[in-house]
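Peer 1: Quick one: the structure is below, and I'll ask about it shortly.
The values are calculated or read from the model by the stated rules, or taken from the named source; none is laboratory data. Quick caveat: nothing in here was measured; it's all calculated off a predicted structure. Positions of Cβ are backbone-derived with ideal geometry, glycine not excepted, and every protein chain shown enters the neighbour counts. When the accessible area is computed, the model is the full protein with side chains, heavy atoms only, and any ligands, DNA or RNA have been set aside. Shrake-Rupley method; radii C 1.70, N 1.55, O 1.52, S 1.80 Å.
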Amino acid sequence: MFLSNSCISTKSTLKNVDDNAPVLKLTTDNTFTITEYSKNKKYGYNKDYPINLFYYNTNNEQLNEERFLNALAGPKGEKISYIKLETCCPFPTKRSAMGAGFLNSYEIHWDGQKKPVVLYLNIYEKGVLMCPMGLSIRKKE
């Protein structure tokens with residue numbers, strides 16, 4: 001008889017979860033307020049260092065991801081565009097009814113870019129919200 005193993009580990013590999021992180025705030029144009037730049041090259045670009053967007057609840061993951069992505073700009077302030085690539089990388093979490101969370105990956109583009117970048121977003125866990133290295137915080141119009 002063959003037994004299958006669970007595809008979700010019982011121990012999370014996420015390195016940047018911070019349950020004491022401040023509650024995320026919204027700007028008047030419905031984007032998240034970002035004031036810090038990450039000094040960690042892996043922040044957002046590595047599956048173990050996703051951008052943690054927990055915001056009150058996880059009922060509308062796309063809205064919270066857009067609130068973050070719309071607050072970013074290219075390295076010189078260029079307007080960015082993005083497309084969702086996949087949902088991946090299951091991990092255990094207490095903030096999901098099924099006991100597991102998933103990351104969503106997004107490909108980020110801007111004019112003059114040589115190679116698109118991919119960011120990993122996590123709507124289940126909390127963390128200090130920062131701008132990933134190589135990008136900038138969008139200026140308010």
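Peer 1: Suppose we filter SER105, SER136, SER81 for residues that are at pLDDT 95 or above, in contact with a Leu (Cβ under 6 Å, 6 or more places away or on another chain) and either surrounded by fewer than 19 Cβ atoms within 10 Å (Cβ to Cβ) or farther than 17 Å from PHE32 by Cα (or both); which single one remains?
Peer 2: SER105
Peer 1: Any idea how many residues of region 108-123 are part of a loop (DSSP other than H, G, I, E, B), open to solvent by less than 30 Å² (accessible area, probe 1.4 Å) and either at pLDDT below 90 or under 23 Å from GLY77 (Cβ atoms) (or both)?
Peer 2: Going through region 108-123 one residue at a time, the tally reaches 0.
Peer 1: Could you please give the count of residues in region 113-127 that are out of contact with any helix residue (DSSP H, G or I) (no Cβ under 7 Å at 6 or more places or on another chain) and either β-branched (Val, Ile, Thr) or touching a residue at least 24 places away in the same chain (Cβ under 8 Å) (or both)?
Peer 2: The qualifying residues number 10.
Peer 1: Output the residues belonging to region 88-107 that are among the aliphatic types (A, V, I, L, M) and in a strand (DSSP E or B).
Peer 2: ALA100, LEU103
Peer 1: Across region 38-89, what is the total count of residues that are at positive phi and of a type in the set (Phe, Trp, Tyr)?
Peer 2: Final tally of qualifying residues: 1.
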